[in-house]
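Heads up: the structure comes next, in structure tokens.
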Amino acid sequence: PPSPAETPAAPRVRPRLVFRTQLAHGSPTGKIEGFTNVRELYAKIAEAFGIAPTEILFCTLNSHKVDMQKLLGGQIGLEDFIFAHVRGETKEVEVTKTEDALGLTITDNGAGYAFIKRIKEGSIINRIEAVCVGDSIEAINDHSIVGCRHYEVAKMLRELPKSQPFTLRLVQPKRAFDMIGQRSRGSKCPMEARVASGRETLRLRSGGAATVEEAPSEFEEEASQKVDDLLESYMGIRDPELACTMVETSKKTGSVREFARCLDSVLGEFAFPDEFVVEVWAAIGEAREACG
């Protein structure tokens, strides 16, 4: 037995967290555990199905569809069922920027792939049928952007010159047969998972270990949603984990100046514009008032 010096002070006993997972286009159910961030999660899923982690584009929770409302962000409910969407066909699309905005909102999978989360109605991209929500952007004008964060990709797209054609290389998620030809459902097709109304979630962080936490409060959900909306309108990205981190930072600060300083120390690489930070601070304040 270990000597008293080696015995750690009664650790909080962590239950073994085992999550069920399937490949979104259809597979047996796998079980995974022991991951603390998104990259590790992908590695565990890849191991369970005998594929390379780089095959995984993104994950959705409790639905095998390419549903951006169900995208895995920084939180996984302890009862959530994880569906991994893997690389399907690659396609090249030529786009001419006839107006400033392309109409794309970009997010990333936390492991090097940026992909399309939303396409604005009536926008340039909306008129190109080959481009779909869920497509991963692999290259812009043959320049690979694998490994770039969502905000870097959004900036590159914003800065492309007008009236000059450019090429996007996209990878679409592999789809189940039932999504292509609406054929009769085979038994291998993923079932929508039943979700228990558990209130605890596993919070994944890009830096540091995952923690089990209470599900976000009404205020945190409301405020994070507002911040995510502002990220989209200012920077052309959506990122619930980032929004959540900004709301957490605001709770530790008493003024907008202090908030701006803290954001700079935690998230300096984003180089948020000042007016954006002021709007975020105001939006979080509104959410706090609305939720009493």
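Being outside any loop (DSSP other than H, G, I, E, B), in contact with a strand residue (DSSP E or B) (Cβ under 7 Å, 6 or more places away or on another chain), in contact (Cβ under 8 Å) with a residue 24 or more places away in the chain and open to solvent by 10 Å² or more (accessible area, probe 1.4 Å) holds for only one residue in 279, 232, 241, 286, and it is 232.
Residues are listed down the side, and each one gets a yes or a no for (1) farther than 21 Å from residue 230 by Cα; (2) surrounded by fewer than 14 Cβ atoms within 10 Å (Cβ to Cβ); (3) within 12 Å of the chain's Cα centre (by Cα):
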{"residue": "50", "(1), (2), (3)": "yes, yes, no"}
{"residue": "70", "(1), (2), (3)": "no, no, yes"}
{"residue": "77", "(1), (2), (3)": "yes, no, no"}
{"residue": "109", "(1), (2), (3)": "no, no, yes"}
{"residue": "116", "(1), (2), (3)": "no, no, yes"}
{"residue": "131", "(1), (2), (3)": "yes, no, no"}
{"residue": "135", "(1), (2), (3)": "yes, no, no"}
{"residue": "143", "(1), (2), (3)": "yes, yes, no"}
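Is it fair to say residue 269 is at pLDDT below 90 and over 25 Å from residue 69 (Cβ atoms)? So residue 269 fits the description; yes.
In this entry, residue 100 passes the filter for residues that are open to solvent by 40 Å² or more (accessible area, probe 1.4 Å) and farther than 22 Å from residue 75 by Cβ. Please verify whether segment 173-180 includes one or more residues that are at pLDDT 90 or above and touching a strand residue (DSSP E or B) at 6+ places or on another chain (Cβ under 7 Å). Yes, some residue in segment 173-180 is at pLDDT 90 or above and touching a strand residue (DSSP E or B) at 6+ places or on another chain (Cβ under 7 Å). Give the residue that is nearest to residue 281 (Cα to Cα), with candidates limited to residues of segment 202-221 that are surrounded by 14 or more Cβ atoms within 10 Å (Cβ to Cβ) and of a type in the set (Asp, Glu). Among those that are surrounded by 14 or more Cβ atoms within 10 Å (Cβ to Cβ) and of a type in the set (Asp, Glu), it is 220.
Within segment 240-257, which residues are closer than 18 Å to residue 59 by Cβ and touching a Lys or Arg at 6+ places or on another chain (Cβ under 9 Å)?
241, 244
Within segment 214-229, residues that are free of Cβ contacts under 8 Å to residues at least 24 places away in the same chain and of a type in the set (D, E, K, R) reach partners that are open to solvent by 30 Å² or more (accessible area, probe 1.4 Å) and assigned to a helix (DSSP H, G or I) with beta carbons closer than 8 Å, at six or more positions or on different chains, in the pairs 228/240.
The values are calculated or read from the model by the stated rules, or taken from the named source; none is laboratory data. Remember, predicted model here, so these are calculated numbers, not experimental data. So basically every Cβ, Gly included, is an ideal-geometry build from the backbone, and we count neighbours across all protein chains shown. Heavy atoms of the whole protein, side chains included, go into the accessibility calculation; ligands, DNA and RNA do not. Shrake-Rupley method; radii C 1.70, N 1.55, O 1.52, S 1.80 Å.
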